[in-house]
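Working notes, structure below.
The values are calculated or read from the model by the stated rules, or taken from the named source; none is laboratory data. Predicted, not measured: the structure shown is a model, and the values here were computed from it. Neighbour counts run over all protein chains shown; Cβ positions are idealised from the backbone, glycine included. Quick note on the areas: whole protein, heavy atoms, side chains included, nothing else; ligands and nucleic acids left out. Shrake-Rupley method; radii C 1.70, N 1.55, O 1.52, S 1.80 Å.
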Amino acid sequence: MIKTAVIGYPIHHSKSPQIHTYWLKKYNLEGSYEAIEIPPENLQEKLQQLIDAGYAGFNVTVPHKETIFDLCHEVDETAKKVGAVNTVQVRDGKVYGTNTDVYGFVQNIKHEVPDFDFTAGKAIVLGAGGAARGVIKGLVDEGVPEILVLNRTKEKAEKLALDFKNVKIGDWDNRSDSLSEANMLINTTALGMSGSPALEIDISQLPQSSLVNDIVYAPLHTDLIQAAQKNGNRYVTGIGMLLHQARPAFELWFHKLPQVDEQLQELVLR
Ligand code: ATR
């Protein structure tokens, strides 16, 4: 039986076991997917134990996404560009790292708005953290001609601009005035998530043809998504990114690219 898991600390909140277990059942495959809590100081030792126990791979979540990078024998181009590994495959006792968040971000949009043209204009990205790096890698891969990053801490955006072509930096404080001419607006910060401060932004200057995407999915209809609805913009909620990023990981381990369906979406939103 193929054994897999998600590793993190804490791990009880992770929705990944629900997602992968759903697919194992749906496609009638023999396999397991557990949630394993590993404190940061034990990562190397525990990782070796899991390899020795025959695990085929893992998802990696907070706080291990950067640390695991150095423990991998090989890391692919996508994970290198993002600077984080969220999925690993074990082959012959060796650990191979990748990052499926980029795929998840892009596929969510393609699935929800199939005729959306990434190349039609500028993308505005709110935030410059780990999530923003994955999103920007996806935007660059899809041929977005210009990416404007707005982040509270400007230095972090400047660092990001060194790593990606086509990235320009704007002013966080003037974010509501930077939205004209944008083809898409993406929130990659945790602002607007239940328990976090609100994302304060007025999107009335955003063209109606723009697509709005929030990577926050709790609540599903964040203030930003509600503003997009009111403004008449097309919008994509954050839940699909979580579901779509899981697909290539499942395929790596179980050799079947699973599909996202409504039942799965309802299950994780419950
Ligand atoms: P993640 O991996 O989820 O992106 P992160 O790397 O900690 O997490 O990044 C969090 C992002 O949310 C950053 O862009 C952060 O801005 P700073 O670089 O200025 O810290 C942004 N963020 C978090 N809290 C914020 C707040 N109260 N106001 C504005 N931006 C905030």
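Overview of results
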item	result
Given (1) touching a residue at least 40 places away in the same chain (Cβ under 8 Å); (2) within 16 Å of the ligand (Cβ to nearest atom); (3) farther than 23 Å from LEU242 by Cα, index of the condition LYS122 fails	(2)
Sole residue being buried (at least 24 other Cβ atoms within 10 Å of the Cβ) and either within 15 Å of the chain's Cα centre (by Cα) or part of a loop (DSSP other than H, G, I, E, B) (or both), chosen from ALA128, ALA123	ALA128
Unmet requirement for LEU179, which otherwise passes all of (1) surrounded by 15 or more Cβ atoms within 10 Å (Cβ to Cβ); (2) within 13 Å of the ligand (Cβ to nearest atom)	(2)
Residues of the range 76-106 classified as over 18 Å from ILE215 (Cβ atoms), touching a residue at least 40 places away in the same chain (Cβ under 8 Å) and touching a His at 6+ places or on another chain (Cβ under 7 Å), total	1
In the range 25-62, the residues that are in contact (Cβ under 8 Å) with a residue 40 or more places away in the chain, more than 15 Å from ILE11 (Cα to Cα) and outside any helix (DSSP H, G or I)	TYR27, LEU29, GLY31, ALA53, GLY54, TYR55, ALA56, GLY57
Residue check for LEU252: under 16 Å from TYR33 (Cα atoms) and touching a strand residue (DSSP E or B) at 6+ places or on another chain (Cβ under 9 Å)	yes
Flag if LEU267 is more than 28 Å from THR119 (Cα to Cα), in contact with a helix residue (DSSP H, G or I) (Cβ under 7 Å, 6 or more places away or on another chain) and touching a residue at least 40 places away in the same chain (Cβ under 8 Å)	yes
Check on TYR103, closer than 30 Å to VAL144 by Cβ and aromatic (Phe, Trp, Tyr)	yes
Residue satisfying all of: in the range 72-105; part of a helix (DSSP H, G or I) and of a type in the set (D, E, K, R); most open to solvent (accessible area, probe 1.4 Å) among these	LYS80
Members of the range 186-202 that are more than 10 Å from the ligand (Cβ to nearest atom) and either farther than 10 Å from LEU224 by Cβ or in a loop (DSSP other than H, G, I, E, B) (or both)	GLY192, SER194, GLY195, ILE201, ASP202
Qualifying residue in the range 203-214 (condition: under 20 Å from ALA128 (Cα atoms), within 16 Å of the ligand (Cβ to nearest atom) and either among the basic types (Lys, Arg) or out of contact with any strand residue (DSSP E or B) (no Cβ under 7 Å at 6 or more places or on another chain) (or both))	no
Candidate set from the range 227-270 (those that are among the charged types (D, E, K, R) and surrounded by fewer than 19 Cβ atoms within 10 Å (Cβ to Cβ)); member that is modelled with the lowest pLDDT	ARG270
Matching residues, the range 132-175, being closer than 22 Å to GLY238 by Cβ, open to solvent by 40 Å² or more (accessible area, probe 1.4 Å) and within 9 Å of the ligand (Cβ to nearest atom)	ARG133, ARG152, LYS156
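So that you can scan it fast, the table gives a plain yes or no per residue for (1) in contact with a Gly (Cβ under 7 Å, 6 or more places away or on another chain); (2) under 17 Å from THR189 (Cα atoms):
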| site | (1), (2) |
| --- | --- |
| VAL212 | no, yes |
| ILE215 | yes, yes |
| PRO219 | no, yes |
| ASP223 | yes, yes |
| ASN233 | no, no |
| ILE239 | no, yes |
| ARG247 | no, no |
| HIS255 | no, no |
| GLN259 | no, no |
